[in-house]
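Beneath this line is the structure, given in structure tokens, with notes to follow.
Rule-based calculations on the coordinates, nothing more; no lab input. Source: prediction; values computed, not measured. Please note: Cβ atoms are built from the backbone with ideal geometry, for glycine as well, and neighbour counts cover all protein chains shown.
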Amino acid sequence: MTTETAEAIFPYRALPKVPVTACPVCGARHNPARAVLDRYGYPVHVARCAECTLQYLAERLTREGYARLYGSGAYRALVEAYCGTPPMTLAESERHYGSWIGQHLRSPLGQGGSLLDAGGSVGGLIPHLGLAPARVTVLDPCAGELAQVPAGYQTLQGWLEDPIPGTYDGVVCSQTLDHVTDPIAALRHLRAACPTGWLIADFACRPPTAIKIDHPLYWTPVAWERALRATAWHPREWLPQIALRGTPKRATLRHVVTVCR
């Protein structure tokens with residue numbers, strides 16, 4: 001995929017950028033950045049923290065830029081163009097992933113109660129986890145995604161970097177925390193919204209070259225656990241790594257799922 005093809009879908013190079021001068025997890029500075037092309041062909045700069053091992057974009061889109069990327073449909077168009085064929089549908093992917101998580105959970109999370117699907121897109125993961133919550137609220141910044149959530153779910157349009165209205169018994173934050181720009185703020189807001197409950201959260205184990213403009217963050221187990229503990233989330237269970245189904249390009253991409261209290 002060429003830069004010109006990507007730019008025809010989404011004009012990344014022309015949009016304002018925010019420099020990231022310190023590690024978003026531990027605050028360490030003086031992390032050298034290197035210039036690379038992301039997987040779509042966009043020129044980006046990537047830094048790796050020498051302190052906590054997090055890799056991150058050294059300059060990123062503004063909030064308005066990310067809202068445009070997701071709200072315009074450009075993100076899904078980029079994914080399809082990169083894959084060369086239509087990827088597994090969102091519903092198929094969430095059914096597979098949610099069922100796998102539900103089968104491997106050992107922690108007693110209880111039935112009923114209120115659940116927040118944080119960064120939940122269309123809310124398709126929750127029905128497959130086997131949790132049977134009494135009330136589900138889906139939080140997502142994209143109004144178009146929220147318009148597709150299942151009937152009976154409540155919706156909140158917003159960003160994880162901002163305070164979250166209400167309180168909940170549990171939180172699911174799936175394939176979301178690599179999209180945020182301030183992970184410590186996001187995790188603190190989730191803790192405030194779920195002060196005594198549990199969190200299911202995950203990250204993708206991406207090779208150092210698997211960079212893309214929609215992921216400001218690239219987690220490692222060291223950085224992940226450091227961020228969780230810094231925000232009063234305590235990992236109680238690490239599920240076996242799973243390779244998501246989809247296109248051959250995703251066959252070796254593995255996700256790490258943690259259950260926290």
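Per-structure values
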| item | result |
| --- | --- |
| Over the chain: helical MRE at 222 nm, DSSP H runs n ≥ 4 each giving -39500 (n - 2.57), nearest 500 | -7500 deg cm²/dmol |
| Fraction of beta bridges assigned by DSSP in the chain that are antiparallel (%, nearest 5) | 60 |
| Relative contact order (%) - criterion: Cα under 8 Å, at least six apart; region: the chain | 18 |
| Mean Cα-pair separation over length for region 124-174, i.e. relative contact order, pairs under 8 Å, 6 or more apart, % | 31 |
| The chain: Cys lacking any partner C-beta under 4.7 angstrom | CYS83, CYS142, CYS173, CYS194, CYS205, CYS260 |
| For region 135-261: rounded, prolate or oblate by the Cα gyration tensor [a/c cutoff 1.5] | oblate |
